[in-house]
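Report on one structure; see the data block that follows.
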Amino acid sequence: MKPLKNCFLFFERALASREVEDLERSREIKEILSSRQARRIKSSTFSEDSIWNFTSLKINNIHPWNLSVKEAIALQLELRKKITLVPPFCKGGQGGILNIKTIAGADMAIDEERGLGFAGIIIYSFPGLEELERQNAVLPLKFPYIPGLLAFREAPVLLAAFEKVKTTPDVVMIDGQGIAHPRGMGIASHMGLFLNRPTIGCAKSRLVGEYDEPGINIGDWSYLYFQCPNPPRPPFVKGGLGGFKRRSKSDEVFPIGAVLRTRKNVKPIFVSPGHLIDLQMSIQIVMSCLDRTRIPKPTREADHFVARLKSDR
């Protein structure tokens, strides 16, 4: 077995500090979320029938975005309790990926000089990957760039684009992290709560964790593991591990995603479930969206889309 790669947590110094541990235990989290907001979050859990009954995408505005950094961290710690890794479309093991008819790819481009965010969404048929619709939004950025808090900078722009969508996606693939995040709340997980849809984080690079290098062939993968003073351990995930396996009985390191080889001898990508989906199905869907390139088509084309939006603006 190849040695584990070191975990780069230089940007999460606060996570290892006593301040964040105290923050999670404090009443401040509940003060940030009013009782009304808490009810809205609770009501956003997925109905087992709703995935096939929506005629349009309904966005749950579960919290405001005008938060401080400290408030944003506290909110993530509260919201991660709402994440579930049980896919609604394969309850009881019936159907699974065969029930998915549409998939959306979402990405962002940032213009730092003008302080603008460009969001792009492309919806495809699945598994044929024929384009059905594309939407975009351009908005001023109101939150600074802080690793680990990407959702508070980019999600408002993405949600503005999703508000225009007419074809409801069964699954949303986002260029970013799901639960492979210091607090288990990457942008794909955050968006999943707002969209009330299964979301997958599909990232080009690692945010946190350590892993063994997967095999060289397409489809080879290895677990991405994470250990920290305040880990997003499996108990915070409703429905259990959602396809995950614990590394060992005595090991305090837990899997948070997969390091997936999508082209032979080409560096892998990082896949993690966001919300309402497990790791195994996330990998299956990503593999089904490959077309001889490293990045799956939905997020690759969304990336090209927002790059054009930014250059044409």
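If you go through region 273-307, how many residues are buried (at least 24 other Cβ atoms within 10 Å of the Cβ) and among the polar types (S, T, N, Q)?
Qualifying residue count, region 273-307: 2.
Just one of (1) under 21 Å from L309 (Cα atoms); (2) in contact with a Pro (Cβ under 8 Å, 6 or more places away or on another chain) trips up G148, so point out which.
Against the list (1) under 21 Å from L309 (Cα atoms); (2) in contact with a Pro (Cβ under 8 Å, 6 or more places away or on another chain), G148 comes up short only on (1).
From the list I122, I174, which residue is crowded, with 20+ Cβ neighbours inside 10 Å, in contact with a Gly (Cβ under 8 Å, 6 or more places away or on another chain) and within 22 Å of V208 (Cβ to Cβ)?
Working: I122 fails: within 22 Å of V208 (Cβ to Cβ).
So the residue among I122, I174 that is crowded, with 20+ Cβ neighbours inside 10 Å, in contact with a Gly (Cβ under 8 Å, 6 or more places away or on another chain) and within 22 Å of V208 (Cβ to Cβ) is I174.
Considering each residue of region 191-233, count those that are acidic (D, E) and modelled with pLDDT of 95 or more, and give that number.
The number of residues fulfilling the criteria is 2.
Within region 67-100, take every residue that is at pLDDT 95 or above and part of a loop (DSSP other than H, G, I, E, B) and give me the one that is surrounded by the fewest Cβ atoms within 10 Å (Cβ to Cβ).
S68
Looking at region 130-138, can you tell me whether even one residue there is within 23 Å of I295 (Cβ to Cβ), in contact (Cβ under 8 Å) with a residue 60 or more places away in the chain, of a type in the set (D, E) and assigned to a loop (DSSP other than H, G, I, E, B)?
Looking through region 130-138, none of the residues is within 23 Å of I295 (Cβ to Cβ), in contact (Cβ under 8 Å) with a residue 60 or more places away in the chain, of a type in the set (D, E) and assigned to a loop (DSSP other than H, G, I, E, B).
If you scan region 140-191, which residues turn out to be part of a loop (DSSP other than H, G, I, E, B) and among the β-branched types (V, I, T)?
Looking only at region 140-191, we keep the residues that are part of a loop (DSSP other than H, G, I, E, B), and these are 141-149, 163-170, 175-186.
Answer for region 140-191, where residues must be part of a loop (DSSP other than H, G, I, E, B) and among the β-branched types (V, I, T): I146, V165, T167, T168, I179.
Which pairs turn up if I take residues in region 71-86 that are more than 26 Å from M281 (Cα to Cα) and look for partners that are at pLDDT 95 or above with beta carbon separation below 6 Å, at least 6 apart in sequence or on another chain?
A72/L149; A72/F152
Evaluate the following for L98: is it in contact (Cβ under 8 Å) with a residue 24 or more places away in the chain and not polar (S, T, N, Q)?
So L98 fails the test.
The values are calculated or read from the model by the stated rules, or taken from the named source; none is laboratory data. Everything quoted here is computed from the prediction, not taken from an experiment. Positions of Cβ are backbone-derived with ideal geometry, glycine not excepted, and every protein chain shown enters the neighbour counts.
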